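So the structure is just underneath, and the comments pick up after that.
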Amino acid sequence: MIALASDHGGFQLKEAIKAHLEEQNIPYEDFGCHDETSCDYPDMAYPACKAVVEGKCEKAILCCGTGIGISMAANKVKGIRAAACSDYFSAKYTRLHNDANALCLGGRVVGVGLALELCDVFLSTPFEGGRHTRRIEKLTEIENQ
Ligand code: RB5
């Protein structure tokens with residue numbers, strides 16, 4: 001199950017991602033927003049990220065205008081490693097090296113075509129483990145201070 005969330009700036013992109021996941025029979029839960037009325041990205045990021053850290057969803061895809069604000073909100077949730085990505089290499093390596101569990105996209109930054117490619121590589125790339133595990137553990141140590 002993939003947790004999806006956006007503010008108004010990422011709403012259209014979230015809708016495109018929903019259609020893309022449906023085509024691939026990938027289940028998702030939409031934590032809002034549900035139209036383009038102006039709203040605040042932390043309000044939607046928080047429940048989506050909670051669903052990930054509680055194990056109800058395996059990863060989150062979060063959209064706002066830039067992808068940045070919603071990534072900041074997501075990274076405040078203990079256990080979330082969110083990455084704002086607008087290129088293929090970053091979306092791939094944030095899985096391989098950072099074990100990112102939330103991909104953040106900017107609906108005003110990336111086109112739909114690229115965004116869907118970023119989702120695909122993010123969802124299909126495993127964590128490499130090895131030396132990167134130690135680094136992830138150190139992130140958790142900081143979080144617990
Ligand atoms: C909303 O206008 C915009 O500020 C928001 O979507 C996002 O880009 C913030 O980082």
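A P(r) calculated from all alpha carbon pairs of the range 59-110, with 10 Å bins opening at zero, reads 31, 57, 12 percent. Against the chain, whose longest principal axis comes from its Cα atoms, helix 131-143 is set at around 80 degrees. Against the main long axis of the alpha-carbon atoms of the chain, helix 112-124 sits at an angle near 30°. Here the range 56-145 has an Rg and Dmax of 12.8, 40 Å, counting Cα atoms alone.
Be a star and scan the range 83-108 for residues whose amide nitrogen sits under 13 Å from the point 7 Å along the Cα-to-Cβ vector of GLU58. Taking a point 7 Å out along Cα→Cβ of GLU58, the residues of the range 83-108 whose backbone N falls under 13 Å are 101. Pull up the cross-link candidates among the lysines for LYS59, meaning alpha carbon to alpha carbon under 18 Å and not fewer than 8 places away within one chain. Straight-line reach from LYS59, under 18 Å: LYS14, LYS18, LYS50, LYS76, LYS78, LYS92.
Computed about the Cα centre, the dipole magnitude for the range 10-145 is approximately 600 debye when only Lys and Arg (+1) and Asp and Glu (-1) carry charge, each at its Cβ. Projecting the Cα atoms of CYS39, LEU118, PHE89 onto the dipole axis of the range 1-125, where Lys and Arg carry +1 and Asp and Glu carry -1 at the beta carbon, places PHE89 farthest toward the positive end. Taking a ≥ b ≥ c as the square roots of the Cα gyration tensor eigenvalues, the range 14-105 comes out rounded, since a/c falls below 1.5.
Read-outs: derived from the displayed coordinates by stated rules, not from any lab. Treat the numbers as computed from the prediction; the structure is a model and nothing was measured. Every residue, glycine as well, gets a Cβ built from its backbone with ideal geometry; the counts of neighbours run over all protein chains shown.
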